[in-house]
Every structure is written in C-alpha cells, then in structure tokens.
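**Q** My structure is below; once you've seen it, I'll send some questions.
Read-outs throughout are calculated quantities, based only on the coordinates presented, and are distinct from any laboratory measurement. Just so we're clear, the structure is a prediction, and the values are computed from it rather than from any experiment. No Cβ is skipped: glycine too gets one built from the backbone with ideal geometry, and neighbour counts run over all protein chains shown.
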Amino acid sequence: MAASPVLELRGITKQFPGVLANDHIDLDLKRGEVHALLGENGAGKSTLMNILYGLYRPDEGEISVNGKPVTFSSAKDAIAQGIGMVHQHFMLIPVMTVAENIVLGAEPTGAGIMLDYGAARERVREIARTFGFQVDPDARVENITVGQQQRVEILKALYRRADILILDEPTAVLTPQEATELFGILRSLKAEGMSVIFISHKLNEVLDIADRISVLRRGKKIDTVPRAGVTEEGLARMMVGRDVLLRVEKPPASVGDPLLEIHDLHVLDDRDIAKVRGVSLQVRAGEILGIAGVDGNGQTELVEAVTGLRTSSSGTIAVAGKTMPRHAHSRAMLDAGTGHIPEDRQRRGLVLEFSLAENIALHDYCYPPDSEHGWLFPRRLIQHARRLIKDFDVRGGGPTTRAGALSGGNQQKVVVAREVDRNPKVLVAAQPTRGLDVGAIEYVHRRLVTERDEGRAILLVSLELEEILSLSDRILVMFEGQIVGEYPPTATEEELGLAMIGAGKEHAA
Amino acid sequence: MSTVELRERLADRAVAGPKQVAITGTFLGILAAWLALPPATVRTSTVPIVLGAIAIALGGYAALRDERRVGYGAVAAGIVGIPLGLLVQHSSVSHLDAAFAWGTLLAATLRYATPLTFAALGGMFSERSGVVNIGLEGMMLAGAFFGIWGADKSGSWIGGVAIAMLAGGVFGLVHAIFAIHLRADQIVGGTAINFLSLGLTGYLFIQVYGSNGTPSLSTGHWLTGESIPDVTISSGNNFFAQVFGQLNLMIWISFAVLVLSYLLMFRTSIGLRIRACGEHPRAADTVGIDVYKVRYVSVVVSGMLAAMGGAYLSVGFTHSFNENMTEGRGFIALAALIFGKWRPFGAFAAALLFGFSTALAYAIPPAYSDTASSVLRSSALFQALPYILTLIAVAGVIGRSIPPAADGRPYKRQ
C-alpha cells in the first residue's frame, strides 16, 4: 500500500453569510483506506465534501489529486478526476431503470446519438460482477429497496471509474442489516484499492469501518487519529468539545397503573396490507416500553394508530383507562392525554414555514389561553413559546424564528417541549433521535428518562438497538406486525437481533 | 402441458375480471351510438337503449367490485351512448350517409388534429425537461401570425414557417428566462406569454394589415400566392385515398416530427438527459449535466413546435389570420399532452380524439337539415362534443396521468 496520498486538501476555507463553514481545513486520503469524517450536524462535513465534489467553490485553499493541484468548477471536473459521491439523499431517478440511472450523463451511444441500452446493461452487469454486487439493471429504481438504491449510487461512481468514493451519511437510511452489507462492500472496494471518505456522526460505525478518523467541530478540523487506540468517549469529546454521557443513567423505574392498553390491534397500511396483526401491550405509568424491530414491520402503523393518525381495522386502544372509539382522530387522542414525538419531525412534527410560537401552539391553539371565541392571541403564543424555549434550552432562535431555520437537534427540542408541556399521560416517541448528533441525542434521552420519572407512560419505538437497550425498562420485539417476544433491558443485541428477523424464541420476561 | 394445467388456464381465461366487464361495458356504450350511424344505420330505438342499459349495468357491476374508475367510465359511456344513438336516429339515412362519409371524416380529423399534435409535442419537450408550458397557446398564436406575415414578406410558405418558428422560439426563450433563470412561477409566466402574444399579434395585425384582414389567395395580395402545398398521393375513391389521398404537407411533417420526437426522447442519450432534468434536476446536475442549458433548449424547441402548429393553422389551413385565431387550441394541446401521459404517441392519440370530435361537430348539423329543431341544426351544441369525450375518457379509459416529478419546479444550482 503506497503511502503517498491520493487526495490532499490544504487550508480549505468557505465562508457563508454569517457562518464560517470551513476554517482552514487540511485533510489527506491514502490509497486503499477508509477515512471517516466525524462531526456533529453543522460541523462543516457536508460543505467540505461539496467543495471536494465541485458543487461549491472554496474561498481559499487548494485540492490536489495524486499530487497534482486541481480546481473544480462543477461536478463534472471532480468526476473527471476520479471522485465519486454517494449523496445522503440519493441522486437517483425513481421512474428510470437501474442501468439508465447509472449511465446518465456518460451514456454509451450507438449510431450517432442513439442510446445503446444493451451496452449500458452489459457494462452495469460487468462492473457489478467485478465488485460482487447483486443488481438487476432493468429494474426500476422505485421498485428496489433503499439498500439496493445505495448500491446503484456506488455503481454510478464505479461506472465513471472513480477511485475516490465519498459517502455522505450512508447508514442514515439503512436498516442494521443493510448497514452491515454496506460495510462488507466498502471492505471489498478497499481491497480493490479504492479510497473511501466516510461521513458520519455515529461513533460505533466509524470505529467499525474507518482506518483513520478526522473530527470536525464548528468548521475546524480538531484532529486526525488512527482508529487503533481511540474510544467512543474520546471521539465524542472531540466532536462536542466536552464530556458526553453516552450511556443513559437512570434510576430504577417505579411503576404505577397501566396508562396505555392496547388489545388485539389490527392496522392496515395505505395499500390495505395488514401491517399490525394482533398487537396487545400495556405501558404503565413510570416506565419506558421499547419496541424494537427492523423498519417496516408495522411499527409506523402501530404508532399512527395509537396517535389517531390512522384508523385501526379492529382491536381497542385505551388511554388512562378510557377506551377510545375506533375512529378517534388525533385531536381526540391528544385530548385523552397522548403526546407524540413523530418519527419525521420535519414532515409531521413541525410546520417548517411557521414560527416557533405557531408550532408550539399547533395543538392547543383552539383553547384558552391561546384563543378565545375563535380569536387568536399572538402575544400569548409568543409568551408561551418564550417560556418553553428557555425551559428546554432551544438555541438558534426566538419565538418568531422560522422552525425550518433551526438545526435538527433544536427542532426536536421544540417538538419535545410542545408535547411534554401539555402534560400527557402517555408519550409516544417514534425514533426520537433520528438524524440528531451526539449532544442532542444525550439531551433527548435524558429528557425521556425525566418524563418517565414524572410518572408518564412512555412508548419508545426505535430502529437503533442501542437506544432501545439503554432507555427501555421492558423491550418488545415486533416482527411482521406481531409482538414476537418480551425481553428485559439486560438482553443482548444478538438476542434482540435474532428476534427482529423472526428467529428468536418466544420469550417471557 | 398437462390437461389439468390446461384446464386451469382455460378457467383463468373464462372468468372475466370486473375490469374486463367494465371494458366490455364501455365498448357496448360506444356501440349503442355507433350502430345508429352509417354503415349500420340501425333504425329501432330499442337497440341503443338496450345496449346502453347493458353498458350501465356492467359498469355498475364493475364499480361495485372495486374497479371504480373503469366501471364509472362504462356507466358514463352508456348514459351518453343512449341519447346520442337516439339523436342520430332522428336524422334520415341519406343525410347521415352524407355526413358520415368516414373517409372524409377521418381526413378532417387529421386536419383538425395537426395543430394540436405540433403544440402537444412542443409541450412534451418543455415539460419533460421540467418546465410547465401553459404558454403553448400564445406561442401557437405567434406562429399563426408570423407565419402569415413571413409568407407574405418572403413570398414563400417556407419563409413563413421559418419565421413562425423563429417567433415561437423567441416566445419560448422569454418563457425560459422567466421560468429558469428568474425562477418565476411557471403558470403565471406562461399565462403572461399568452396575453403578451394575444396583444402583440392583435396590434401588429391591425398595424400591418389594417382592418382589411390579411392578404389571402383569393384577394391576390399575397405576393406569390403560395400556400403550403397539399401532397397528392392518390386520387382514387377508395377509403385509403379518401383519408390520405390529399393531405397538407404540414400534416405529413407532423407525422415525421412525431416519430422523431419519440426517437429523440426515448431512444437517445439527449432524451435521457432531458427526462432526467424533468424528474430530478439535482441528480442530473451531479452527473455533470447542465440542467439550465437542457431546459433552455427544450423550452425554445417547445415554442418552435407550437409555432409550427400555429403556422399550419394560418398558412396551411385557413390561408389567413384573424385575431386570436388559435381559440384555445394551445390549451387543448396541453390537455392532449397530459391525457397522453406526456408521451408522444399518447399525445398524438389524444390529439386525434380531439380532432375527431371537432370533425364530428362540424359534420353532424348538416345531417339534421331536414329536422324542424333548430337546436339540432346548429353546430353550437356539438361543439361541446370534444369536451364531453374528454371527460369520459379521463374518467374511464385513461388511468391517472403522472407528470414528470420536477415539472414546474424551478431548479437552483447550489
């Protein structure tokens, strides 16, 4: 393995209005290594990579590829230098085939301008074979799984003969199994001599896959360290700039009466497919019940039914002893004492174009003190928002700031503040830390434990096993719409993992 | 193949699903009206009533079995088929024979469909690249006026069409600048194009030609008097000759443009890139495609094609221009494009349907010249036919039409 870097960044600086996104960053990438770029949201990782891929131009600094200085004015220039990028939000066209997506922009042509689709298909097969991928070149992208789509993105780069691959938060959209497969692919790419830049804010996966790790914080590079000898704690400290509690500390639960009781619930999805098939469970006051499972096994539909966003086809839901009518909509569920931290805060949790005050008033705008006889009192909304912003330590804006202008972590704080402030008896938290960085995760976790200790019943649904294990007092595993086992928080990830793919033994804790 | 397998297969075939039932119903509904027409000219009122009733029943059956769209389509076909059949029976067979000479009717269909075909294909380029083009109407109108003006000044129809295309291209460019660089709302921008064109052509028309109207072949002002020629390939009296024997050159050009558009859009790398820009411009950008350039070229081509439709209308068809002569054909073309699911042959088929119903609307009234009812003798009632047909077709025959994902959404480079 040659020691000379295939890629070198020297003193890259990029100033956006009001923010110094990149402040004299140096970085080098060796042949055949996986170099992780670690940092919180807003640390400047994406900006740096967009500069490297020719989408932004740096104010200062230089890039050299294989020792030669280069300047990129568009993605085309970067591609020409052998740089490929897998974006966090895939750059694929759903209605086109895999092969069409891969060759787009560099199409094999037959006579003149005629597209030679046969050649495209052959070329895709050939590359897939070389690197040991499984893809169907004729499948439409909209019909394949997210994991496969990501492979198409990687193939796109390989088709363009990239030898430097940038992956932007590649595991954010993957299930744990798909992530494992991705790591396998990255290792084989590495063996073929490819160099990979792996952007992430997840400490465990960085330690799993990277050879070296560079940490960015607020636009500055803190350090580059080899994997050997670093710990999650050490990396977290570099990322956040202070000690971070990675393990949640929580006193033993003091459990009260059941506040959420679900009996034999059946729910259909939008395509009328049975997604929840006979779920019964209880969540008691003062406990966190975790629901683990691979994405798509009915968790989303369960949460939607419990929060009144989806009508169940049969079964009962009772909140604080009161059985809710089957057609109870979300307003009825809210009024019965349910709070909901939705899995997609930008789509369901907040109206991004509304101010924080308006977002906070979304549930209770129609009740005093927010409104009386149909008249809103904007000043009261603002006062209310000001109090919550202070209590929940929301940073980056005041009551009149647009919600969309906040960082993900602060947006989530606003959602949590709104839900908790209504003093719900049952709090449903669906993937409450998805896409958040270490500091914000720590906050949300601590808050959930606090709310538990206040005597609320908390239903936690998460795809992150680590989160389930560290927060829950009891764990249920959901597989194909059914509860397939109950586990204590002392269960191992392996036990849960097996149950999640339907291979666990029926288990009674 | 074992006999058991064979039997199962036959059983699968024999049992018609609700969808097939509904399609049969739609067919019967159309038949209810059609049987009253030549050459069948069935004269008993039971036939349309029974067929229509069966159509409604079959449609209802299918609708109750979750084939709502196709089912209600069949119901509508029955409901429209019965009165249409009865109405036709009001006219005498001899008059009907004159009106429904199918050869002439289909030739007229092609004549009415051609401007729509050009404009719809133009619309396809624009919208496939991601720019909604509601300004087709204005671009077409510009083509109509500048076609005549160009033919007049240059003394040749070729010059007329060329200048029409140039004018359409300029209007396209204006729309493109607003839609692409200035990221204006494309519906508003397109509407502005329509009004701009209406005003401009109206003004220039009065300025250049006064209130006497454009020079035409008959008044002899047209310097060389050259119109777009017809292509005579057969003068026989058989069906083929009646339809295709004598068509305007522009109609044949529209067929060529249709095939070329299809090949370009779906068989070349250029087409792949245009479609990529309309579906996911950022994805196109990240593989080095210049989204702005693709969209500019597409919208300008769009304007040029729409203008060809307009030029055909003025130089090729009526040989004159009058204010607002396109009369909403650009919007109909847009409907044809949507109706045809943003695909060239789909749009062409829709244009033919609109053309046919227009031809029908002009052909039917003479069939009632011996009827006392003035309502039936005026063509006004039948002018609504294209739109009724559209409603039925949209409700029943064609599924949901899904536009390119980024259609109408301005793209901003990072």
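**Q** With each pseudo-label sitting 7 Å past Cα toward Cβ, what's the B:Lys293-A:Arg348 distance in nm, one decimal?
**A** 4.4 nm
**Q** Express as a percent, rounded to the nearest 5, the fraction of DSSP beta bridges in chain A (both residues included) that run antiparallel.
**A** Bridges in chain A that DSSP calls antiparallel: roughly 55 percent.
**Q** Need one number: nm distance between label points at A:His24 and A:Gln282, each 7 Å from Cα along Cα→Cβ, rounded to one decimal.
**A** Result: 6.4 nm between the two label points.
**Q** May I pose another question? Do the alpha carbons of any pairs in A:Lys68/A:Lys156; A:Lys14/B:Lys412; A:Lys221/B:Lys412; A:Lys45/A:Lys156 sit beyond 27 Å of each other, and which pairs?
**A** Over 27 Å apart, Cα to Cα: A:Lys221/B:Lys412.
**Q** Could I ask something else about it? For A:Asp59, which sequence-distant residues (separation of 5 or more, or a different chain) have an amide H within less than 5 Å of its own amide H, given hydrogens modelled in the peptide plane?
**A** A:Thr13, A:Lys14, A:Gln15
**Q** How large is ³J(HN,Hα), in whole Hz, for each residue of the stretch A:434-447 in order, when computed from phi with the Karplus curve 6.51 cos²θ - 1.76 cosθ + 1.60 and θ = phi - 60°, using x for Gly and Pro?
**A** Each residue's phi maps through the Karplus curve to give 4, x, 8, 8, 3, x, 5, 4, 4, 5, 4, 4, 4, 5 Hz.
**Q** Here is a further query. Can you sort A:Cys366, B:Cys277 by how many other beta carbons sit within 10 Å, fewest first?
**A** Lowest count first: A:Cys366, B:Cys277.
**Q** I would also like to ask the following. What is the local net charge at A:Val420, summed over the other residues whose Cβ is closer than 15 Å to its Cβ (Lys, Arg +1; Asp, Glu -1)?
**A** Around A:Val420, the surrounding residues sum to +3.
**Q** Normalised radius of gyration for the stretch B:102-368, please: alpha carbon Rg relative to 2.2 N^0.38 Å, two decimal places.
**A** 1.01
**Q** On the principal axes of its Cα set, how long, how wide and how thick is the stretch A:205-308? Give whole Å, largest value first.
**A** Principal-axis extents of the Cα atoms in the stretch A:205-308, largest first: 53, 40, 25 Å.
**Q** Expressed as a whole number of Å, what is the distance separating the alpha-carbon centroids of the stretch A:320-336 and the stretch B:141-160?
**A** Spelled out, the Cα-based centre of one part sits 70 Å from the other.
**Q** Under the Karplus relation 6.51 cos²θ - 1.76 cosθ + 1.60, θ = phi - 60°, what is the ordered set of whole-Hz ³J(HN,Hα) values for the stretch A:60-68, x standing for Gly and Pro?
**A** Calculated HN-Hα couplings, in order: 9, x, 9, 10, 10, 10, 6, x, 9 Hz.
**Q** So what is log10(I(q)/I(0)) for the protein assembly as shown at q = 0.05, 0.08, 0.11 1/Å, when the Debye sum runs over its Cα atoms only?
**A** Calculated log10 I(q)/I(0) at the listed q: -0.42, -0.98, -1.35.
**Q** Right, something else. Regarding the stretch A:258-500, what whole-number volume in Å³ per residue does the convex hull of its Cα atoms give?
**A** Roughly 120 Å³ of hull volume per residue.
**Q** Would you grab the residues whose amide H sits under 5 Å from the one on A:Asp116? Only those 5+ places off in sequence or on another chain, please, with H modelled 1.01 Å from N.
**A** Distant-sequence amide H within range of A:Asp116: A:Thr109, A:Gly110.
**Q** Let me ask something additional. ³J(HN,Hα) across the stretch A:331-347 via Karplus (A = 6.51, B = -1.76, C = 1.60, θ = phi - 60°), whole Hz, x for Gly/Pro?
**A** 4, 5, 5, 4, 5, 6, x, 9, x, 9, 9, x, 6, 10, 5, 7, 9
**Q** Mind pulling the per residue volume of the convex hull built on the Cα atoms of the stretch A:119-172? Å³ is fine.
**A** 85 Å³
**Q** Hey, another quick one. Could you calculate the FRET efficiency of B:Ala57 with A:Glu454 from 1/(1 + (r/R0)^6), where r is the beta carbon distance between them and R0 is 60 Å, rounded to 0.05?
**A** Calculated value: 0.40.
**Q** Length gain on complete extension for the stretch A:Arg386 to A:Leu207, per 0.36 nm per residue less the alpha carbon to alpha carbon distance?
**A** 60.4 nm
**Q** Another one. Given the stretch A:266-320, report the % of alpha carbon pairs whose separation exceeds 12 Å.
**A** 66 percent
**Q** Another question, if that's okay. Quick one: order B:Leu249, A:Leu465, A:Leu471 by neighbouring beta-carbon count within 10 Å, fewest to most.
**A** B:Leu249, A:Leu465, A:Leu471
**Q** Another one. How large is the Kirkwood hydrodynamic radius of the stretch B:38-192, in angstrom, based on all distinct alpha carbon pairs?
**A** 19.9 Å
**Q** Roughly how far apart, in whole Å, are the Cα centres of the stretch B:13-68 and the stretch A:84-156?
**A** That distance is 46 Å.
**Q** On average over all directions, what projected area in square nanometres does the stretch A:354-496 have, based on the convex hull of its Cα atoms?
**A** 10.1 nm²
**Q** Going by Cα centres, the stretch B:280-297 and the stretch A:174-220 are how many Å apart?
**A** Cα centroid of the stretch B:280-297 versus Cα centroid of the stretch A:174-220: 30 Å apart.
**Q** Starting from the Cα of A:Phe131, step 7 Å along the direction of its Cβ; do the same at A:Asp243; then give the gap between the two resulting points in nm.
**A** 4.3 nm
**Q** Of B:Leu198, A:Leu37, how do they rank once you tally other Cβ atoms within 10 Å and put the fewest first?
**A** Ordered from fewest to most neighbouring Cβ atoms within 10 Å, B:Leu198, A:Leu37 come out as B:Leu198, A:Leu37.
**Q** Another question, if that's okay. With an 8 Å Cα cut-off and a minimum separation of 6 or more residues, compute the relative contact order for chain A in percent.
**A** 14 percent
**Q** Determine the gain in length on full extension of the stretch B:Trp252-B:Asn238; use 0.36 nm per residue of separation and subtract their C-alpha separation, reporting nm with one decimal.
**A** That pair, B:Trp252 and B:Asn238, stretches by 3.1 nm at full extension.
**Q** Which residues make up the longest stretch of chain A that has no trypsin sites (Lys or Arg not before Pro) in a DSSP loop with at most 12 other Cβ atoms within 10 Å?
**A** Longest stretch, sites excluded: A:1-160.
**Q** Starting from the Cα coordinates of the stretch A:5-240, work out the convex hull volume and express it per residue in Å³.
**A** Cα-based convex hull of the stretch A:5-240, divided per residue, equals 127 Å³.
**Q** Set the Förster distance to 41 Å, then compute FRET efficiency between A:Thr180 and B:Asp185 from the Cβ-Cβ distance, nearest 0.05.
**A** The formula returns an efficiency of 0.30 here.
**Q** Taking the 0 to 90 degree range and rounding to the nearest ten, how far is the long axis of helix A:146-159 tilted relative to the main principal axis of chain A, both from C-alpha atoms?
**A** 10 degrees
**Q** Rounded to two decimal places and with Rh computed the Kirkwood way over Cα pairs, what is Rg over Rh for the stretch B:17-89?
**A** 1.03
**Q** So what does log10 I(q)/I(0) come out to for chain A at q = 0.05, 0.08, 0.11, 0.13 Å⁻¹, using the Debye formula with one equal point on every Cα and no solvent?
**A** Listed by q, the Debye log ratios stand at -0.22, -0.58, -1.05, -1.33.
**Q** For the pair A:Ala228 and A:Lys68, what calculated FRET efficiency results from E = 1/(1 + (r/R0)^6), where r is the Cβ-Cβ distance and R0 = 35 Å, to the nearest 0.05?
**A** So, using R0 = 35 Å, E works out to roughly 0.65.
**Q** Quick one: which residues, 5+ away or cross-chain, put their amide H under 5 Å from the amide H of B:Ala184? H built at 1.01 Å from N.
**A** B:Ala179
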